[in-house]
Amino acid sequence: MTPISDFNLSPEIVIGQAEHRQLVTLALTGTSHSADEADWLLFELDRARLVPDGALPANVVRMGSTVRFRAQGGGERIVRLVYPGEADIAAGRISVLTPVGAALIGLREGQSITYLARDGRRHALTVLAVDDGPDGDDPGPLAA
């Protein structure tokens, strides 16, 4: 596992081809998000290695995944990565257009990444576990 004390982490990410197309379209055509939000996502999508949809490993974060991760301060969170219309932070569902959501897409268990938060500060997180399906258990109290 990569230590999250390194503030320039940009690991290889992997995304399925169909999901990549959907996310690029969302970033370029959506009207319910800012240009910065679109840019965060487009940056990650641009550097992703694309694979056929059926070849995406189960331990890779994709849309609908429930992800347990550790933030640089040591706290763990469990969230489900969703499209903007489904986002509800109180229910543990974060949009792929948020800085954390864009940072998570395409990561594998054990990978760490740094990202720029809305306040302009650099943060880091490490993915601890991925449930690859949208039908996983409710994230529960750790989601907040």
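Quick notes on this one:
- For segment 30-44, the candidate set comprises residues that are small (Gly, Ala, Ser) and surrounded by 12 or more Cβ atoms within 10 Å (Cβ to Cβ); within that set, the residue that is nearest to residue 120 (Cα to Cα) is 38.
- Options 103, 27, 124; residue that is assigned to a helix (DSSP H, G or I), crowded, with 18+ Cβ neighbours inside 10 Å and modelled with pLDDT under 95: 27
- Test: residue in segment 57-80 that is assigned to a helix (DSSP H, G or I) and buried (at least 20 other Cβ atoms within 10 Å of the Cβ): no
- The lone exception for residue 91 - which of (1) on the phi < 0 side of the Ramachandran plot; (2) crowded, with 20+ Cβ neighbours inside 10 Å it fails: (2)
- So residue 91, is it farther than 18 Å from residue 13 by Cβ and of a type outside the set (D, E, K, R): yes
- Residues of segment 106-117 that are in a loop (DSSP other than H, G, I, E, B), in contact (Cβ under 8 Å) with a residue 24 or more places away in the chain and either touching a Phe, Trp or Tyr at 6+ places or on another chain (Cβ under 6 Å) or at negative phi (or both): 107, 109, 111.
The values are calculated or read from the model by the stated rules, or taken from the named source; none is laboratory data. Please read these numbers as outputs of a predicted model, since none were measured by experiment. In this analysis, Cβ positions are derived from the backbone assuming ideal geometry, glycine residues included, and neighbour counts consider all displayed protein chains.
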